[in-house]
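Engineer: For reference, the structure I am asking about is given below.
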Amino acid sequence: MKEAQKIIDLNQADPQKFRSWNFLQDFCITCGLCASSCPASGIDGFDPRKVVRMVSLGLEQELVDSKFPWICTMCGKCEEVCPMQINIPDLVRSIRGLRDRDKVPGTLHKGLQAALKTGNNLGLPKDDFIFILEDVGEEIAEEPGFEGFKVPIDKKGANVLTTVHNKLVNTQNEDLKHWWKIFYAAGEDWTIPSDNWEGTNWGYFTGDDEAMKTMTGRILENMRRLEVKTLLWPE
Ligand code: SF4
Ligand code: SF4
């Protein structure tokens with residue numbers, strides 16, 4: 001049975017339910033532009049219009065139990081094209097925030113717990129992180145034109161501090177090289193923190209405001225500690 005057929009029960013509708021939310025769900029004219037632009041439309045019966053209509057009807061439990069908010073990638077294309085300026089990604093994030101934290105889909109929940117505990121979604125120890133960075137740096141230094149390259153870890157007073165997406169230190173080390181080489185060629189004065197370096201904030205994606213603030217606060221603390229004024233947060 002498709003998701004939509006399974007969850008919608010109009011007897012449970014409570015149109016006053018989400019009136020305190022500052023979204024424009026009642027203005028939807030079902031024009032379908034969001035669905036046409038959405039890369040996730042059709043997956044397990046997902047259609048952004050269904051989410052908007054369910055919020056409008058106040059179908060809270062159905063929304064929280066539904067897969068729909070977790071199918072949406074929060075890419076924002078629908079918001080760009082919506083003639084009624086309905087902010088579907090923010091709507092989706094608010095719905096995600098209503099789910100019990102231990103019922104948040106596994107990877108996101110486990111990754112966020114690891115990040116809160118260790119500073120990164122992988123739970124990668126600091127020594128291993130530094131080893132990976134230095135190893136990639138040594139490979140760059142072997143390439144013509146990059147002799148002497150070193151990764152400026154925890155450099156105080158640098159111009160730019162960068163965060164890192166965890167997959168770049170996990171399975172896609174090669175991708176680190178591209179932007180580090182650009183820094184080198186541009187003569188940029190940059191640094192990368194050895195603690196709390198995670199650039200992927202799953203507090204944001206899972207609708208967990210407290211976790212989002214904690215993760216963001218740690219990045220700001222790195223900037224204060226290292227006296228860096230510019231942040232490059234590539235995520
Ligand atoms: S684009 Fe906006 S108005 Fe049109 S169906 Fe989607 S949410 Fe409704
Ligand atoms: S934000 Fe979600 S609903 Fe909107 S286009 Fe992206 S995936 Fe589709």
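Engineer: Does residue 67 qualify as being within 16 Å of residue 206 (Cβ to Cβ) and free of Cβ contacts under 8 Å to residues at least 24 places away in the same chain?
Structural biologist: Here the answer is no, as residue 67 does not meet what is asked.
Engineer: Take residue 89 and decide whether it is in a helix (DSSP H, G or I), within 11 Å of ligand 2 (Cβ to nearest atom) and free of Cβ contacts under 8 Å to residues at least 40 places away in the same chain.
Structural biologist: yes
Engineer: Only residues in the stretch 50-62 that are within 14 Å of ligand 1 (Cβ to nearest atom) count as the first member; pair them with residues that are among the polar types (S, T, N, Q), Cβ under 7 angstrom, at least 6 apart or cross-chain, and list the lot.
Structural biologist: Final answer for the pair search is 52/25; 55/25; 56/25.
Engineer: Oh, and also: I'm trying to understand the selection: among the residues of the stretch 187-235, which are aromatic (Phe, Trp, Tyr) and over 30 Å from residue 145 (Cβ atoms)?
Structural biologist: 202, 204, 205
Engineer: State which residue is nearest to the chain's Cα centre (by Cα) when the search covers only the stretch 29-57 and only residues that are under 21 Å from residue 13 (Cβ atoms) and surrounded by fewer than 18 Cβ atoms within 10 Å (Cβ to Cβ). Write out each step before concluding.
Structural biologist: Taking the stretch 29-57 and keeping what is under 21 Å from residue 13 (Cβ atoms), we get 29-30, 45-57.
With the extra rule that they be surrounded by fewer than 18 Cβ atoms within 10 Å (Cβ to Cβ), the set shrinks to 29-30, 53.
Numbers: 29: 29, 30: 28, 53: 25 Å.
The residue in question is 53.
Engineer: Can you go through 157, 137 and tell me which one is of a type outside the set (S, T, N, Q) and not in a helix (DSSP H, G or I)?
Structural biologist: On the way: 137 fails: not in a helix (DSSP H, G or I).
Within the list 157, 137, the selection yields 157.
Engineer: Among 144, 193, 125, 105, which is surrounded by 15 or more Cβ atoms within 10 Å (Cβ to Cβ) and not aliphatic (A, V, I, L, M)?
Structural biologist: 193
Engineer: Given the condition more than 26 Å from the chain's Cα centre (by Cα), under 26 Å from residue 229 (Cβ atoms), modelled with pLDDT of 95 or more and in a loop (DSSP other than H, G, I, E, B), answer yes or no: does some residue in the stretch 189-210 qualify?
Structural biologist: yes
Engineer: Of everything in the stretch 92-130, what is closer than 14 Å to residue 203 by Cβ, of a type in the set (Lys, Arg) and away from ligand 2 (no atom under 14 Å from the Cβ)? Give them in sequence order.
Structural biologist: 99, 101, 110, 117
Engineer: Could you tell me whether the stretch 171-180 includes any residue that is basic (Lys, Arg), surrounded by fewer than 17 Cβ atoms within 10 Å (Cβ to Cβ) and assigned by TED's automatic domain parsing to the domain that holds residue 215?
Structural biologist: No, the stretch 171-180 contains no residue that is basic (Lys, Arg), surrounded by fewer than 17 Cβ atoms within 10 Å (Cβ to Cβ) and assigned by TED's automatic domain parsing to the domain that holds residue 215.
Engineer: Something else now. Here are 151, 164, 228, 160: which of them is within 29 Å of residue 75 (Cβ to Cβ) and at pLDDT 95 or above?
Structural biologist: 160
The values are calculated or read from the model by the stated rules, or taken from the named source; none is laboratory data. Bear in mind the structure is a predicted one, so any value in this text is a computation, not a measurement. Heads up, the Cβs are rebuilt from the backbone with ideal geometry, glycines too, and the neighbour counts pull from every protein chain shown.
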